[in-house]
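Colleague: I'd like to ask you about the structure that follows.
The values are calculated or read from the model by the stated rules, or taken from the named source; none is laboratory data. Quick caveat, the model's predicted, so the values are computed rather than measured. A quick note on method: Cβ atoms are made from the backbone with ideal geometry, for glycine too, and the neighbour counts reach across all protein chains shown. Note: areas computed on protein heavy atoms with side chains; ligands, DNA, RNA excluded. Shrake-Rupley method; radii C 1.70, N 1.55, O 1.52, S 1.80 Å.
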Amino acid sequence: MNYGRVLLPLSLIVLAGCQKSALSEGSADTMEAASYCAGQLSKASSEEVRIVGKSATEAGSTVSYSLDQAGNCVSSSDVTWKVAGASRTKTSASGMTSTFKVAGTYVVTAQEKTSGSEEISLSLVTTVVKEDLKISGPQAGFVFNPMSFEVVIPSGVDAQSIVWNFNDGTATVSNARTVEHSFFNVGTYQVQATVTDADGKVTVVSHRVTVMTVIDDMDCLEDLRISGANEAKVKIATAMHVYLPPCLVSKVGAVRWNFGDGGTAANQSVTHAYQAVGTYPVTATLYLGDNQEPWVTLDHSIRVIEDLDVDPEPEVPVDPNACTVAGATRESKGELVSEEVACGVNGKKTVSYRDRVVEECKLVVEKLNWVEVSRTKEITNEGSCEGQSCKLPDGSLLAHGASQVLYSSSTPVGSCSSVSESRTCNNGVLSGSSTHNQVTCHEGCGSFGSHGTVKTGVITGETKVPLKCSFNEEGFFDLYNEISDQTCTDGQIISSNTRQGTMKEAGKCPVYKFAPTDSFTACTADCGGKQNRIFVCVDDKGVTVDDSRCADQVKPVEERLCDANPEAVRSQSSVTTIEEANSSATCPANQIGVIVKTREVVTTKTMACIDHSVQLESEVAVPGAWVEEKYCRDYVARRCSHDSLSNTEAKGRYDWMVKCQDELPVIKEFLTNFANVTVTVGGKKVGLGSAGQEIYATFMDRAYNPEKAWIAPKKANAPCTMPATAYVATVCVSSCATPEQQILAEEVVSKKLKYMSFFDALTSQSAYVGTMQSADSLNKNAVVKTKVDQWVTELVDGDHEILVFKMKSGRELRVTKNHPILSQDGSMKVAEEFKVGESLVQSGGTLDAIVSINEIKYFGKVYNVFVQSNAPHKNVVLINGYLNGSAFFQNAGAKEMNRTIFRNNMTRGVFGK
């Protein structure tokens with residue numbers, strides 16, 4: 001037995017990788033060899049003949065191949081060259097050139113058919129790379145035999161280091177593109193090469209190899225390959241081929257392909273079109289002879305893309321059929337092919353075979369050519385017969401994979417399901433028990449018997465014969481058996497010949513008496529009444545009948561006390577009182593109001609019917625949780641339409657508060673805490689009780705929900721009385737505009753003047769409003785920012801009389817009657833003084849005529865603003881585009897009303913129009 005690999009005389013010119021320098025040098029060697037062969041052709045013998053060509057190249061390259069024997073070129077005129085998957089090949093007497101457009105592993109073969117049966121078959125593997133690195137080497141080999149592996153690197157990659165790992169427990173090997181390694185144990189190994197380029201990029205490529213025990217006459221195992229491209233175009237067929245080296249041709253009986261997308265095939269050479277972009281693992285599993293167990297599996301990978309140039313160009317071959325000696329014969333074997341043939345009962349099997357072809361050299365049209373004289377099939381592998389049908393007991397056929405319910409008895413006593421079994425046909429063999437061999441079944445009738453059982457005189461029911469009673473009562477009978485003859489038919493008991501049988505039970509007429517019921521007559525009162533029990537006439541079964549059937553008896557009398565409807569006299573009454581804590585908290589500094597703790601106490605009395613009379617059942621007092629209520633507001637001036645006072649009235653209220661403070665703690669607390677606190681009104685500080693003051697205290701009563709205003713006295717001599725739940729809510733001034741009116745104010749984020757609603761300006765506490773720049777700027781669009789002193793609004797919602805100005809421009813203005821508006825003569829007037837036909841002044845001095853003035857009722861809050869200036873022009877603001885007065889003109893600036901604010905010589909051409 002030979003334990004080392006016997007190398008065929010197929011020595012190769014192997015080029016180490018695809019670096020530019022290596023490729024350049026290899027190409028020169030190849031072209032020199034091809035050129036040398038072209039002029040010195042000789043006849044080859046079978047000894048030490050080899051193929052000269054590249055073992056590695058890049059996609060798009062053209063490689064030349066020729067035959068060499070001991071340094072001498074060999075003529076290729078009797079040689080058939082093949083390379084599966086190449087884009088273009090050309091053959092000539094000197095050899096073959098092949099263009100490889102796409103990356104892949106390609107097995108180049110040269111086969112010379114000689115006279116007789118002798119064949120010389122040579123091979124060379126060319127690995128083509130594009131962008132990715134690839135390991136070239138055997139996919140199968142024997143233990144202890146050295147195997148050679150090469151990492152093929154594209155010219156664009158500058159490899160700095162290579163580390164080999166054979167994953168068999170041996171040490172790694174560094175910095176070698178080609179390595180030789182022996183495996184000492186049977187198994188499948190992943191050979192890995194880790195390549196680091198000049199940029200530090202690390203790439204790991206792997207290659208699977210199957211290692212087996214040595215088999216005689218298989219020295220060429222390491223030459224076993226899949227030949228074909230590693231790239232394909234979507235929906236375009238690509239060719240692949242399993243190259244069987246000479247020592248395996250007669251031993252491999254079948255090839256089974258799996259294309260990684262669900263597709264399969266069984267020939268040695270195949271084509272397959274992928275329908276979607278992706279990377280697919282391809283395997284080819286080989287079987288020895290007629291053996292049905294896999295022997296070895298080869299790997300291949302195909303990356304399917306859209307834009308791939310795969311247009312083939314035709315081969316220009318040397319005539320392979322030319323011969324020189326008339327009458328000579330030669331034999332050749334074809335590739336492994338497979339076909340499906342029928343077998344067994346409706347079965348099929350895959351048979352693999354080769355064609356053995358015998359050719360004879362004959363004169364054809366004045367030229368000697370090889371002519372086929374016989375072709376025979378040599379079966380290499382007969383697959384097992386699969387998909388056979390099964391023959392059922394009744395002679396019918398059951399398809400492979402189908403199921404049929406069969407029965408162990410056709411007439412069971414019970415149900416058919418109890419004797420059934422589902423038997424499945426699996427390649428001509430029925431699963432399950434052979435005792436279940438009946439195709440049909442009739443359901444049984446259980447304890448009655450199986451299908452077809454007959455019984456006579458079976459009791460099937462009862463027959464009633466009526467009795468004649470004293471009161472002609474109905475429904476009283478003598479009871480007889482009913483009998484029938486019965487038959488079991490498919491699980492159903494069928495009755496026939498039904499008739500009356502023997503007496504089962506003699507009947508009797510009823511006996512009557514008075515019997516008490518659970519019912520009584522109506523109670524005479526809802527609580528503490530009387531009622532009698534009701535007696536009825538019943539038969540001996542307790543069924544109530546007419547009292548006439550108990551006419552020979554005296555009806556009993558039974559009386560008792562009762563409550564007809566005790567719930568009707570039940571009542572509850574609840575009283576809710578408010579309990580307030582003895583002490584209360586104060587509002588935070590600079591806030592007005594009160595903080596109190598209260599709780600509700602609910603006292604419930606329940607009256608009910610007890611011992612037949614109405615009495616007190618219970619009295620329960622339930623206190624609620626203490627609730628802290630805050631009635632606090634910032635100490636700022638507000639408009640109080642609900643409690644509007646003149647200065648005289650405000651002074652009278654302040655004097656009343658001072659007088660009553662010792663009797664009314666709430667007032668004293670307010671006057672003490674806020675005696676020295678002021679608010680800014682119209683640019684000046686104003687406090688309570690100051691001379692000419694413009695603010696005053698107003699009160700709310702928290703006894704209501706929602707709370708209501710409590711109007712305090714306006715004269716000092718008023719009595720010192722007020723509700724215990726009243727408190728000082730805020731201090732008041734005037735305001736005029738409705739919340740949707742647009743005022744020119746500073747936006748908080750952008751710090752730019754823009755029109756916004758009074759409500760938004762107050763809510764965001766806009767710091768500036770737009771006012772006139774000077775007293776002579778009316779006819780200009782010059783507006784300056786003036787700092788806001790205070791935004792003013794109502795304490796509570798209230799009813800207001802609002803004037804709606806409809807303007808010629810289509811716009812409108814909504815204000816209270818006393819709101820100040822600049823008129824066309826340059827004076828400030830209250831809104832109610834304007835007439836239809838007059839004009840309002842817009843920014844820049846443009847006039848807009850009043851078309852109509854309508855008065856509407858408005859419930860809600862109205863708004864205005866104080867600015868930090870007492871200059872009249874600084875208190876002219878823009879509302880809805882019109883010049884209006886601020887709260888200044890309703891307070892400190894009231895003296896400016898109806899006076900010309902802007903000088904005539906500064907408004908000429910504006911108000912004069």
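Colleague: Within the set of pairs 6+ apart or on separate chains, which have a first residue in the stretch 136-148 that is over 17 Å from Ile215 (Cβ atoms), a second that is surrounded by fewer than 18 Cβ atoms within 10 Å (Cβ to Cβ) and among the charged types (D, E, K, R), and C-beta atoms under 7 Å apart?
Modeller: That search, which allows pairs on different chains as well, returns Pro146/Glu180; Ser148/Glu180.
Colleague: Are any of the residues in the stretch 492-499 open to solvent by less than 50 Å² (accessible area, probe 1.4 Å), at pLDDT 90 or above and part of a strand (DSSP E or B)?
Modeller: Scanning the stretch 492-499 turns up no residue that is open to solvent by less than 50 Å² (accessible area, probe 1.4 Å), at pLDDT 90 or above and part of a strand (DSSP E or B).
Colleague: When Thr424 is evaluated against the numbered criteria (1) open to solvent by 50 Å² or more (accessible area, probe 1.4 Å); (2) farther than 22 Å from Gly501 by Cα; (3) assigned to a strand (DSSP E or B), which criterion, by number, is the only one it fails?
Modeller: All conditions pass for Thr424, except number (1).
Colleague: Sticking with this structure for a sec: Keeping to the stretch 250-260, report how many residues are surrounded by fewer than 16 Cβ atoms within 10 Å (Cβ to Cβ) and within 35 Å of the chain's Cα centre (by Cα).
Modeller: Count: 0.
Colleague: Starting from residues that are part of a loop (DSSP other than H, G, I, E, B), free of Cβ contacts under 8 Å to residues at least 40 places away in the same chain and in contact with a strand residue (DSSP E or B) (Cβ under 6 Å, 6 or more places away or on another chain), keep the ones in the stretch 365-421 and report whichever is nearest to Thr453 (Cα to Cα).
Modeller: The selected residue is Ser410.
Colleague: If you go through the stretch 580-597 one residue at a time, do you hit one that is modelled with pLDDT under 90, over 30 Å from Glu482 (Cα atoms), open to solvent by 70 Å² or more (accessible area, probe 1.4 Å) and aliphatic (A, V, I, L, M)?
Modeller: Yes, the stretch 580-597 has at least one match.
Colleague: Within the stretch 618-663, can you find the residues that are in a strand (DSSP E or B) and either on the phi > 0 side of the Ramachandran plot or modelled with pLDDT of 90 or more (or both)?
Modeller: Ser618, Glu619, Val620, Ala621, Val622, Pro623, listed by residue number.
Colleague: Continuing with this model, one more query. Among the residues of the stretch 195-221 satisfying the criterion of being touching a residue at least 60 places away in the same chain (Cβ under 8 Å) and farther than 16 Å from Pro138 by Cα, which is most open to solvent (accessible area, probe 1.4 Å)?
Modeller: Only one residue tops the list, namely Asp216.
Colleague: Considering Ala239, Ala232, which residue is open to solvent by less than 10 Å² (accessible area, probe 1.4 Å) and either in contact with a Cys (Cβ under 8 Å, 6 or more places away or on another chain) or under 24 Å from Ser123 (Cβ atoms) (or both)?
Modeller: One residue alone meets the criteria, Ala232.
Colleague: If you scan the stretch 349-368, which residues turn out to be open to solvent by 30 Å² or more (accessible area, probe 1.4 Å) and within 28 Å of Ala326 (Cβ to Cβ)?
Modeller: Asp355, Arg356, Val358, Glu360, Lys362, Leu363, Val364, Val365, Glu366, Lys367, Leu368
Colleague: May I ask you to verify whether Gly837 is on the phi > 0 side of the Ramachandran plot, free of Cβ contacts under 8 Å to residues at least 40 places away in the same chain, in contact with a strand residue (DSSP E or B) (Cβ under 7 Å, 6 or more places away or on another chain) and not charged (D, E, K, R)? Break it down stepwise before answering.
Modeller: Working: on the phi > 0 side of the Ramachandran plot: yes; free of Cβ contacts under 8 Å to residues at least 40 places away in the same chain: yes; in contact with a strand residue (DSSP E or B) (Cβ under 7 Å, 6 or more places away or on another chain): yes; not charged (D, E, K, R): yes.
Yes, satisfied.
Colleague: Of all residues in the stretch 737-772, count the ones that are open to solvent by 10 Å² or more (accessible area, probe 1.4 Å) and either in contact with a Cys (Cβ under 8 Å, 6 or more places away or on another chain) or not in a loop (DSSP other than H, G, I, E, B) (or both). Before you say what the answer is, go through the steps one by one.
Modeller: Restricting attention to the stretch 737-772, the residues satisfying the condition of being open to solvent by 10 Å² or more (accessible area, probe 1.4 Å) are 739-740, 742, 744, 746-757, 759-760, 762-765, 767-768.
With the extra rule that they be either in contact with a Cys (Cβ under 8 Å, 6 or more places away or on another chain) or not in a loop (DSSP other than H, G, I, E, B) (or both), the set shrinks to 742, 744, 746, 753-757, 759-760, 762-763, 768.
Total satisfying the criteria: 13.
Colleague: Right, another one. Could you figure out which of (1) under 30 Å from Glu567 (Cβ atoms); (2) surrounded by 15 or more Cβ atoms within 10 Å (Cβ to Cβ) isn't true of Tyr512?
Modeller: Only one criterion is unmet by Tyr512, namely (1).
Colleague: Any residue that is within 18 Å of Tyr106 (Cβ to Cβ) and modelled with pLDDT of 95 or more - is there at least one of those in the stretch 276-283?
Modeller: yes
Rundown of residues vs (1) crowded, with 16+ Cβ neighbours inside 10 Å; (2) in the same structural domain as His612 (by the TED database); (3) in a strand (DSSP E or B), yes/no style:
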| residue | (1), (2), (3) |
| --- | --- |
| Gly475 | no, no, no |
| Asp485 | yes, no, yes |
| Lys508 | no, no, no |
| Ser519 | no, no, yes |
| Cys523 | yes, no, no |
| Cys527 | yes, no, no |
| Arg533 | no, no, yes |
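Colleague: Please work out if Phe471 is among the aromatic types (Phe, Trp, Tyr) and open to solvent by 90 Å² or more (accessible area, probe 1.4 Å).
Modeller: Yes, satisfied.
Colleague: Please go through the stretch 535-545 and pick out each residue that is loosely packed, with under 12 Cβ neighbours inside 10 Å and either part of a strand (DSSP E or B) or of a type in the set (D, E, K, R) (or both).
Modeller: Asp540, Lys541, Thr544
Colleague: Here's a follow-up. Which pairs have Cβ atoms under 7 Å, sit 6 or more apart or on different chains, and link a residue in the stretch 540-557 that is under 18 Å from Phe476 (Cβ atoms) to one that is among the aromatic types (Phe, Trp, Tyr)?
Modeller: Matching pairs, first to second residue: Val545/Tyr512; Arg549/Phe471; Arg549/Tyr512.
Colleague: For Asp307, indicate whether it is more than 30 Å from Gly401 (Cα to Cα), at pLDDT 75 or above, surrounded by 13 or more Cβ atoms within 10 Å (Cβ to Cβ) and not hydrophobic (A, V, I, L, M, F, W, C).
Modeller: no
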